[in-house]
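The values are calculated or read from the model by the stated rules, or taken from the named source; none is laboratory data. Bear in mind the structure is a predicted one, so any value in this text is a computation, not a measurement. FYI the Cβ positions are ideal-geometry reconstructions off the backbone, even for glycines, and counts take in every protein chain you see.
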Amino acid sequence: MIFDGRNGGTVELLENVLVIRRKGVASFLTQGLKGEKRIPYASITSVQFKEAGFTTGYIQFGVSGGIENRRGVWDATTDENTVLFTKEAAEQFRKLRDIVEDHAAAARRGGSASNGPPPAANIADELTRLADLRDRGVLTDEEFAEQKARLLGTGTTSQAASPSTSQATPPQSAVSGLRSKSQATAGLTTEPPKRGFGKVAGIGCLVVLGIFILLAAIGSQVEQTNATGNADEAATNLAAADLNAAQTSATANTQAENSSWSYSDDEDKVRGGTTYYARTTSTNSISQSFPYDSDTTMTMTVRKSPAYGTDVVLTISSGQMMCPSYEGCSGTVRFDSGPAQHVSFSGPADNSSDTIFVDGAKGFIAKLKSAKKVTIEKTLYEAGNPQFEFDVHGLKWNH
């Protein structure tokens with residue numbers, strides 16, 4: 001059974017081993033001439049699986065005594081025990097993960113003492129590694145919990161199968177808990193209202209009421225005198241308000257029709273929500289030397305998704321922006337005729353060189369909604385510091 005990954009990486013499952021092979025130019029650039037890698041199931045201690053989200057996913061096979069990748073997709077491209085895969089192949093690689101975990105568990109149960117359960121220290125190291133991946137955003141909280149449960153469950157099963165123990169002993173963390181009982185009582189106290197108005201208060205109310213009646217009688221005469229004039233003035237003001245509203249609506253419709261923004265959305269069937277997009281492309285282009293396009297443009301995408309939240313994504317049609325996910329980069333932005341401002345960017349998880357994310361997306365979007373023009377300056381590989389101009393007026397974004 002063979003599973004084809006990205007950049008020429010493949011995994012073939014044989015009876016007692018899995019074989020990792022590399023082919024093609026992309027594989028040579030990242031892995032060199034390493035040939036095939038054969039890993040016995042009995043030596044596999046963990047299977048790390050990163051879902052293919054906005055970019056690329058990977059599967060990594062941890063072995064006894066090996067040094068596993070701890071820095072996400074960037075290091076995974078050069079790790080000999082790791083194979084990248086695209087979002088379209090994610091389902092096949094989930095199946096590969098489950099099969100390898102079953103084979104590895106079966107090999108440990110049926111092997112010799114040297115292939116028995118990993119020592120407690122290795123489990124602790126693995127938990128530390130998973131926590132580090134979660135803290136750096138490589139794993140979500142759900143993925144961390146799943147991997148932790150799988151790791152602890154594997155350790156308990158192996159101990160139960162070991163000939164040196166007659167009964168499995170669960171880890172202390174699995175049986176420790178907090179038990180508490182609380183009781184609460186509540187009382188309701190009421191205080192009867194105080195009575196102290198008396199006759200004086202009643203007389204005072206009658207006097208005030210009489211004054212109001214007198215003032216109302218006097219005011220009615222004035223109101224009758226000015227009624228006609230007020231009605232005419234109200235009619236004039238209403239007509240003016242209608243005219244202003246019509247002009248404002250016509251102006252808004254004209255601006256919306258002339259806006260450069262395009263909108264789309266798609267359903268997130270996994271999380272049960274909707275992802276919204278607003279896109280616009282730079283009004284200018286820059287020239288680059290071979291092998292890049294002579295007319296390179298930049299696209300700005302505003303995105304709101306159940307999986308990643310709110311983002312502003314910048315993508316160039318050709319070239320490299322060199323912004324690794326573990327380091328980030330920066331540039332300069334100017335809204336309308338305001339001052340130039342420093343802006344920080346983050347690279348995607350798979351370190352693609354044509355895409356970056358604006359840090360502080362919500363604040364950036366707020367400025368976009370009130371601006372008409374935005375200019376972004378970003379360093380490109382062997383192309384200097386080009387500037388891309390955007391017509392951003394008329395952005396409708398309420399997500």
- prompt: Any idea how many residues of region 302-316 are crowded, with 16+ Cβ neighbours inside 10 Å and of a type in the set (S, T, N, Q)?
  reply: 2
message: I need the full set of residues from region 361-386 which are assigned to a strand (DSSP E or B) and without any contact (Cβ under 8 Å) to a residue 40 or more places away in the chain, in order please.
response: Lys373, Gly384
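Condition check ((1) in contact with a Cys (Cβ under 6 Å, 6 or more places away or on another chain); (2) under 15 Å from Lys378 (Cα atoms); (3) at pLDDT 95 or above; (4) not β-branched (Val, Ile, Thr)) across all residues:
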site	(1), (2), (3), (4)
Asp265	no, no, yes, yes
Thr275	no, no, yes, no
Thr283	no, no, yes, no
Pro291	no, no, no, yes
Met300	no, yes, yes, yes
Gln320	no, yes, no, yes
Glu327	no, no, no, yes
Thr332	no, yes, yes, no
task: Can you confirm whether region 267-274 contains a residue that is basic (Lys, Arg) and surrounded by fewer than 20 Cβ atoms within 10 Å (Cβ to Cβ)?
output: yes
- prompt: Among all residue pairs at least 6 apart or on different chains, which show Cβ distances below 8 Å where the first residue, located in region 304-319, is free of Cβ contacts under 8 Å to residues at least 40 places away in the same chain and the second is outside any strand (DSSP E or B) and basic (Lys, Arg)?
  reply: Pro306/Arg271
- request: Could you check how many residues of region 82-131 are modelled with pLDDT of 90 or more and not in a helix (DSSP H, G or I)?
  value: 5
message: Only one of Gly319, Gly338, Gly394 is part of a loop (DSSP other than H, G, I, E, B) and either assigned by TED's automatic domain parsing to the domain that holds Gly57 or within 23 Å of Asn258 (Cα to Cα) (or both). Can you tell me which?
response: Gly394
task: Using the structure shown, decide if Asp350 is acidic (Asp, Glu), modelled with pLDDT under 90, closer than 24 Å to Ala52 by Cβ and not in a strand (DSSP E or B).
output: yes
